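Written below as structure tokens is the structure these notes are about.
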Amino acid sequence: MTSEKFKLAVLVSGNGSNLQAIIDCIEKNYLAAEISLVLSNVKDAYALERGKNHGLDVVFLDPKIYPNRANYEQKIIDLLLSKSIDLICLAGFMQILGKKFIEAFSGKIINIHPSLLPAFPGLDVQKKALEHGAKFSGCTVHFVNEEVDGGPIILQSIVPIHDEDDIESLSKRILQQEHIIYPEAIRLIIEDNIEISGRRVLRKIKEG
Ligand code: GAR
């Protein structure tokens with residue numbers, strides 16, 4: 001008897017190092033999942049190459065050829081539904097998703113963000129953390145809701161900020177932690193080990 005694997009879609013816009021971390025964890029059997037779709041809104045995103053290198057189904061959907069954002073998002077919704085995706089992982093996907101999209105996959109969209117939320121939501125957050133003089137930053141995996149970078153937090157990792165850091169060195173140190181906690185968070189969901197309680201994501205207490 002074969003059991004259906006947990007189906008991931010990974011939405012990307014750039015380098016795809018988080019996608020790579022997920023691929024590596026699947027290939028090492030740390031994650032009992034398959035990536036059914038890698039979708040980019042940027043044509044030359046290196047993440048697409050990474051997906052192809054591993055034989056994955058990769059798609060570039062050009063936002064510019066759709067009359068508006070709603071049409072574009074509907075196209076993505078249809079594609080994800082057609083593939084019976086269990087979990088949508090935003091991995092450097094630089095587009096804010098609309099209400100309809102979020103409602104269509106309620107509780108099934110997660111994101112990785114390069115700061116310790118709720119500090120520094122939005123863009124250029126490594127720069128903002130440096131400019132603010134923070135001594136620590138980090139990364140956060142969270143469920144996606146309608147508030148940008150505001151959904152319930154699944155996992156976080158703390159990263160120190162050193163005096164000599166610049167955006168590049170800090171981003172690199174944060175990314176190293178992203179590559180650890182993103183697969184970990186996906187595993188918690190695959191194994192049905194967490195539940196959302198208001199704003200909090202709690203470990204499920206399992207009997208036996
Ligand atoms: C990562 O640092 C991720 O946290 C960030 O983009 C980078 C993508 O890197 N995401 C955001 O800033 C989302 N607001 P990658 O393409 O190498 O995975």
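Protein heavy-atom accessible surface, 1.4 Å probe, per residue over the stretch 1-58: 51 Å².
What does the helix-only formula give at 222 nm for the chain: each DSSP H stretch with n ≥ 4 adding -39500 (n - 2.57), the total divided by the residues, and the result rounded to the nearest 500 deg cm²/dmol?
Numbers: 6 runs with 71 residues, N = 208.
My calculation for the chain gives -10500 deg cm²/dmol from helical runs alone.
Stokes-Einstein diffusion of the stretch 1-99 at 20 °C, 1.002 mPa s viscosity, Kirkwood radius from Cα pairs, rounded to a whole number: 155 µm²/s.
Residues in the stretch 143-153 carry Karplus couplings, in order, of 5, 9, 10, 6, 8, 4, 6, x, x, x, 7 Hz; the curve used is 6.51 cos²θ - 1.76 cosθ + 1.60 with θ = phi - 60°, and Gly or Pro positions show x.
Across the stretch 90-98, coupling constants 3J(HN,Hα) worked out from phi with the 6.51/-1.76/1.60 Karplus curve, θ = phi - 60°, read 7, 10, x, 8, 8, 8, 7, 8, x Hz, and Gly and Pro carry x. Once the C-beta distance of residue 202 and residue 62 is scaled by a Förster radius of 25 Å, the resulting FRET efficiency is 0.05 to the nearest 0.05. Once backbone amide H atoms are built at 1.01 Å from N, residue 154 has 141, 142, 143 as its partners under 5 Å, excluding neighbours fewer than 5 places away on the same chain. The label point for residue 191 and the one for residue 74, both projected 7 Å from the Cα toward the Cβ, are 4.1 nm apart. Remark: spin-label model distance residue 5-residue 29 equals 1.3 nm, labels positioned 7 Å along the Cα→Cβ axis.
Legend: P(r) of the chain from all alpha carbon pair distances, 10 Å bins from 0, whole percents, reading 8, 34, 38, 17, 3, 0. Proximity of backbone amide H atoms, modeled 1.01 Å from N, is registered between residue 11 and 39, 89, 90, 91 at under 5 Å, excluding neighbours fewer than 5 places apart on the same chain.
Here the chain is assigned +1 on the Cβ of each Lys and Arg and -1 on the Cβ of each Asp and Glu. Its dipole about the Cα centre then comes out at about 380 debye. Counting protein heavy atoms only, the stretch 99-208 has 52 percent of its accessible area on carbon and sulfur, 1.4 angstrom probe.
For the stretch 165-208, what does the accessible surface come to per residue with a 1.4 Å probe? Please give it in Å².
66
The values are calculated or read from the model by the stated rules, or taken from the named source; none is laboratory data. On a predicted model such as this, the values are computed, not experimentally measured, just so you know. In this analysis, Cβ positions are derived from the backbone assuming ideal geometry, glycine residues included, and neighbour counts consider all displayed protein chains. Calculation scope for accessible area: heavy atoms of the full protein, side chains included, ligands and nucleic acids excluded. Shrake-Rupley method; radii C 1.70, N 1.55, O 1.52, S 1.80 Å.
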